[in-house]
1. Within the stretch 157-164, is there a residue that is outside any helix (DSSP H, G or I), within 30 Å of Cys25 (Cβ to Cβ) and either assigned by TED's automatic domain parsing to the domain that holds Glu67 or modelled with pLDDT of 95 or more (or both)?
2. Ile201 versus (1) in contact with a strand residue (DSSP E or B) (Cβ under 7 Å, 6 or more places away or on another chain); (2) surrounded by 23 or more Cβ atoms within 10 Å (Cβ to Cβ); (3) more than 16 Å from Val118 (Cα to Cα): which is the lone unmet condition?
3. Condition first: acidic (Asp, Glu) and modelled with pLDDT of 90 or more. Now tell me which residues in the stretch 195-253 satisfy that.
4. Can Thr174 be described as surrounded by fewer than 24 Cβ atoms within 10 Å (Cβ to Cβ), in a loop (DSSP other than H, G, I, E, B) and in contact (Cβ under 8 Å) with a residue 12 or more places away in the chain?
5. Within the stretch 196-215, can you find the residues that are part of a loop (DSSP other than H, G, I, E, B), under 23 Å from Val43 (Cα atoms) and under 11 Å from the mean Cα position of the chain (by Cα)?
6. Which of the helices (runs of 4 or more DSSP H) contained wholly in the stretch 216-300 include at least 1 residues that are more than 16 Å from the chain's Cα centre (by Cα), of a type in the set (Lys, Arg) and surrounded by fewer than 16 Cβ atoms within 10 Å (Cβ to Cβ)?
7. Does the stretch 112-135 contain at least one residue that is touching a Phe, Trp or Tyr at 6+ places or on another chain (Cβ under 9 Å), among the polar types (S, T, N, Q) and buried (at least 16 other Cβ atoms within 10 Å of the Cβ)?
Amino acid sequence: MHHQDSYYQWARKKGVSRRDFIKFCTMTAALLGLGPGELPKIVAALETKARMPVIYLSLQECTCCAESFLRSAHPLIAEFMFQMISLDYMEILQAAAGERAEAAKQKTMREYQGNYLVVVEGSIPLAEQGVYCTIGGKTALAVLEEAAAGAAAVIAFGSCATNACVQGAAPNPTEAAPVRSVIKNRPVIDVPGCPPIAEVITGTIVHYLTFGTLPALTSQGRPAAFYSNRVHDGCTRRAFFDAGQFAESFDDDGARKGWCLYKLGCKGPTTYNACAITQWYEGLSFPVRSGHPCLGCSEKNWYDSNTPFYTHLAPIPNQAIGIDPDKIGAAAVGLTGAAIAAHGAATAVMKSRERAVKKDRPKP
């Protein structure tokens, strides 16, 4: 096998300080939900193990996942993203084209047999022998099967690759299929989202380098550290949901005050993703925080199940109060008013008693 510098050796050659290296390891451990005891293992792995070769395939997709991949939210991770991996093939970035590009991919597959990752963006069309997406004269199905044959694992990156997304919506004329339904002889990790969060790939690769295994996955094959909680659970508007304060339209007073968007079609209560915690652009925001309902893009059949997007489709019981949110708005306001009145009355009684005590005190 061709020799590769370790991640740390490569980073040091690029002028990365030891301090920034440790910061990256610490941040990645936190993203993966690992305890302080696991940090030395991450440091040791990245100091000694070679950078992971990666083949990035763009199949039936719109490139939004690649855009997310190239714009990792946190600046430190964005800086290290391409230092940690050896991105040997990616059509969007590579300077080579045609035969030279394909030769580079074949070289990686040959020299790193069983030790490279395949990242797949896009679904795989199966209709008409796969003619709806061809690359270099090969169908997307053939390209994927060839690259995955010698891979350590395959990461299905984005909703097109995990649930066929828009292409797989009814009537699905190209018979678009997700990666998991095609690749059966290699581990497949689903990273859904339209687009997904780039740090999930970072964490997955670091976990593999450190422990030699894939991170813990959910029952749906997703990294548990990022897909075990609902968007709703960490939402910046959750307090308004629990209080029964909902925007009724995008331009009403509730919307301007940042109230819950559940009645405007938000699927946050039924969508599992790290959007509300990790967020995008250095943790600046995510769709719900910026005023747009969650569309539930990381869930299976989301395009068929969740359209029309801005229609409140199904009642979701309020976990804090135990009542349908559609029925608690007025009640919550009434309860709040009663609480304020009670607090005011209690305060008035206390003030009255204080004045009486002062009046009865003997003067000096």
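1. Yes, there is a match, as at least one residue in the stretch 157-164 is outside any helix (DSSP H, G or I), within 30 Å of Cys25 (Cβ to Cβ) and either assigned by TED's automatic domain parsing to the domain that holds Glu67 or modelled with pLDDT of 95 or more (or both).
2. If we test Ile201 against (1) in contact with a strand residue (DSSP E or B) (Cβ under 7 Å, 6 or more places away or on another chain); (2) surrounded by 23 or more Cβ atoms within 10 Å (Cβ to Cβ); (3) more than 16 Å from Val118 (Cα to Cα), just (3) comes out false.
3. Hits for the stretch 195-253 are Asp233, Asp242, Glu248, Asp251, Asp252, Asp253.
4. yes
5. Ala198
6. Ranges flagged: 253-256.
7. Within the stretch 112-135, not a single residue is touching a Phe, Trp or Tyr at 6+ places or on another chain (Cβ under 9 Å), among the polar types (S, T, N, Q) and buried (at least 16 other Cβ atoms within 10 Å of the Cβ).
Okay, residues lined up against (1) among the charged types (D, E, K, R); (2) in a helix (DSSP H, G or I); (3) assigned by TED's automatic domain parsing to the domain that holds Gln279:
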| position | (1), (2), (3) |
| --- | --- |
| Tyr8 | no, yes, no |
| Ala11 | no, yes, no |
| Asp20 | yes, yes, no |
| Cys25 | no, yes, no |
| Glu38 | yes, yes, no |
| Lys41 | yes, yes, no |
| Ala44 | no, yes, no |
| Tyr56 | no, no, no |
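The values are calculated or read from the model by the stated rules, or taken from the named source; none is laboratory data. This is a predicted model, so every value here is computed, not measured. Methodologically, a virtual Cβ is constructed for each residue, glycine included, from the backbone with ideal geometry; neighbour enumeration extends over all protein chains shown.
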